[in-house]
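The values are calculated or read from the model by the stated rules, or taken from the named source; none is laboratory data. Just so it is clear, the structure is predicted and the values come from calculations on it, not from any experiment. Glycine gets a Cβ as well: all are built from the backbone with ideal geometry, and neighbour counts include every protein chain shown. Ligands, DNA and RNA are stripped out before the accessible areas are found, and what is left, the full protein with its side chains, is counted by its heavy atoms. Shrake-Rupley method; radii C 1.70, N 1.55, O 1.52, S 1.80 Å.
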Amino acid sequence: AEMTLSFQWGNIPLCTSGQPNTVANPVFQLRGVPAGTETVEFRLKDLNVPSYNHGGAKLGVTRDMDVPSGTFTYRSPCPPGGVHTYEWTATARAGRQVLAAAKAQRRYPE
């Protein structure tokens, strides 16, 4: 089965100033994690400003799971004066080998 990722923004503070807050990660639903996975790396990209580094984390995820909010922090979505589309990517790895990747997009603010 293909690995899939979904998420909800959760209770992050509204931000449209272009100055992101450091916030707790959203709740992620990760399904189809391949056998042999040792870690999953989560990264956020603003598709309207892809050069900005919002951060993420590498977690010891080895199976399908819901990753709870508060597992790591990142720089929140904070589009200056409008709405942007953001994409979380989850990359499953065994050592340095990429086993699978999944992406999920949402607009912010919604």
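Scanning the stretch 91-110 for residues that are free of Cβ contacts under 8 Å to residues at least 60 places away in the same chain and closer than 18 Å to GLY36 by Cα, we see that the one that is most open to solvent (accessible area, probe 1.4 Å) is ARG96. Which number in (1) of a type outside the set (S, T, N, Q); (2) touching a strand residue (DSSP E or B) at 6+ places or on another chain (Cβ under 9 Å); (3) in a loop (DSSP other than H, G, I, E, B) marks the one condition that GLU41 misses? Condition not satisfied by GLU41: (3). Looking only at the stretch 93-110, residues that are more than 16 Å from the chain's Cα centre (by Cα) and either more than 30 Å from ASN11 (Cβ to Cβ) or among the aliphatic types (A, V, I, L, M) (or both) come to 6 in all. Here LEU30 passes the criteria (1) in contact with a Pro (Cβ under 9 Å, 6 or more places away or on another chain); (2) at pLDDT 95 or above except the one numbered (1). Among residues of the stretch 44-62 being in a strand (DSSP E or B) and in contact (Cβ under 8 Å) with a residue 40 or more places away in the chain, the one that is farthest from the chain's Cα centre (by Cα) is ASP46. A count restricted to the stretch 31-74 and to residues that are within 20 Å of GLN97 (Cβ to Cβ), buried (at least 17 other Cβ atoms within 10 Å of the Cβ) and of a type in the set (S, T, N, Q) stands at 1. When the stretch 75-90 is filtered for residues that are open to solvent by less than 20 Å² (accessible area, probe 1.4 Å) and within 16 Å of the chain's Cα centre (by Cα), the ones remaining, listed by number, are SER76, PRO77, CYS78, TYR86, TRP88, ALA90.
Taken over the stretch 9-30, the criterion of being open to solvent by 30 Å² or more (accessible area, probe 1.4 Å), in a strand (DSSP E or B) and within 21 Å of PRO80 (Cα to Cα) is satisfied by THR22, ALA24.
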